Amino acid sequence: MRSLSLDDRERAVAGQLLVGFLDDYERSIPAPRIVPDVDRDALAALLRTPFPAHGVGVERLFAEIESTVVPNSTAIAHPRYLGYVLGPPNGIGPYAEAIAATLNQNCNLAQLSPAASVIERSVVAWLIGLFDMPDAAGGVITDGGSMANLIGIAAALVDRRSAFRAEGLQSGGPPLVLYTSEEAHRCIDKAAMLLGLGLDHLRRLPTDEEFRLDVDALRAEIVADRAAGREPFCVIATAGTVMTGAIDPLDALADLCAEEGLWLHVDGAFGALFVLAERLRDQLALCGRADSIALDPHKLLFAPLEAGCVLVRDRAALRRAFAVHASYAKGADDPLMVDYMDYGPQLSRGFKAFKIWCALRAFGTDAFRAAIDSSLDLADQLGERIDADPALELLAPVTTTAVCLRIPGADHQAALQTLLYDGTALLGPAEVRGRSGIRACVTNYRTTPGDVDLVADRLSELARPTAAVPLAGASGP
Ligand SMILES: *Cc1c(COP(=O)(O)O)cnc(C)c1O
């Protein structure tokens, strides 16, 4: 029977094929198609084909990957993939993932993964430093922003109700209420659902003309909930709302939470890392006033999926929420290392910090600042083009990298399909205060000013159906 390791010959072949794959992939960008012309028969066959009792071997495996998997995958690395807050992975990511898989560290207990524990700490410490949080701050790498938000809100809950761990929902007391804006991400709903708080106790407050949480409305709602015998405990601000990229008034919310004795959590999954950009640094450094921050290295640090992070002002709050004592998993108190299983729900944990650390070491922090700055410039450029075009309408001010627009009278779903299948760009749908449109999220380090002009030109043509044929003819209203 064959062994589960590769022999010398197979390693040489696999290595060559992998290197060839990585090189071909890079050279194929920009691929002719952003979304694949899905070969449904090939995918159906993939589903039907039983796994072989005797394996197909390395060469055939790679051949199958090349023939079936790669051509039926979305080209996220395309410079005009502008649909969601998801950029192409940074160049060192695939190598870091391969090394992390080889080492296969279990990042639950530091004893099992000493270097990994310190690397995770160093990544978390760098992130903490970006927000000038106090020495007691800590955090943990997660699989994404949703989990980071869940962990932050769980810490807030246990901080408020210390009996929650023992008594769960049975502990009685007035219903706890949490507050966010109507622009908040749906993962906040999931957190409220999963933590047993209930969607009925999540208040989604109105926003101002720039889509920022209305602090006066929040204050009034807190008063009303208290008067009705409920217990406000947590405010969730958003730094970079998912649709329009708006940044809630963090200073005013931090003041209010301090006055009212509420936990302030910031959902910075989209935007907290804009702190790396000079122009937004002061505004986003204010995230550091929060009790907890969720952020997403798989967005603005271009880490390959998945990598999120939650930071807390007092790391003891994470331990209070998550540390358990298990006879089969005993840590050693070592001031250099952290047992990350005490900081979140996971026990066995992969070495996700490694790909972030590798990229920061290999490229340096300035490269990330430049990539983020350029994304902001490109979003501004697109916003200005839309604004200057009388046939197009901006649906929201462009404050970060999300550009929401409307083509008056158009079927936006059809327009998105046209743009996608004529090779222009993958953009996403927008819905802003009940008005539908198109959203371009320029969060891609491969996008150039030329790409943005091309997208703006095509939008302009689509807005003038009579001039749309031939495609190049549109100028002026
Ligand atoms: C992406 C995003 C999330 C969710 O993060 P995941 O990494 O997708 O789990 C939460 N909030 C905002 C504002 C986001 O943009």
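Rule-based calculations on the coordinates, nothing more; no lab input. Note that the structure is predicted; figures quoted are calculated from it, not measured. Because the Cβ atoms are built from the backbone with ideal geometry, glycine has one as well, and the counts that use them run over all protein chains shown.
Okay, here's what the table says:
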| quantity | calculated |
| --- | --- |
| Exposure rule at most 13 other beta-carbon atoms within 10 Å, DSSP loop GluC sites (Glu not before Pro): the chain longest free segment | 211-477 |
| Share, in percent, of DSSP beta bridges within the chain that are antiparallel, nearest 5 | 55 |
| Under 13 Å from the Cα of Lys352 - aspartates and glutamates, other chains or at least 8 residues apart | Glu97, Glu120, Asp143, Asp296, Glu306 |
| Peptide ranges 128-138, 290-300 listed from the most packed, as the mean C-beta count within 10 angstrom indicates | 290-300, 128-138 |
| Kirkwood estimate for the chain, i.e. one over the average of 1/r between Cα atoms, Å | 24.3 |
| Per-residue Cβ neighbour rank within 10 angstrom, fewest leading, Arg458, Arg161, Arg9 | Arg9, Arg161, Arg458 |
| Rel. contact order, % - alpha carbon contacts under 8 angstrom, at least six apart, the range 36-110 | 31 |
| Sorted by Cβ neighbour density within 10 Å, fewest at the top, the residues Arg315, Arg60, Arg160 | Arg60, Arg160, Arg315 |
| Other-chain or far-sequence residues with amide H under 5 Å of Val140's (modelled H) | Val310 |
| Taking Asp267, Asp453 and counting other C-beta atoms within 10 Å, the order from fewest to most | Asp453, Asp267 |
| The chain, relative contact order [Cα under 8 Å, separation at least 6], % | 21 |
| In order through the range 306-321: 3J(HN,Hα) via Karplus (6.51 cos²θ - 1.76 cosθ + 1.60), integer Hz, x for Gly, Pro | 10, 7, x, 7, 10, 10, 10, 4, 10, 5, 4, 5, 5, 5, 4, 7 |
| The range 201-311, relative contact order in percent, only Cα pairs under 8 angstrom and at least six apart counted | 20 |
| Kirkwood hydrodynamic radius of the range 86-128, Cα pairs, Å | 11.7 |
| Taking the C-alpha atoms of the range 120-209, convex hull volume expressed per residue in Å³ | 142 |
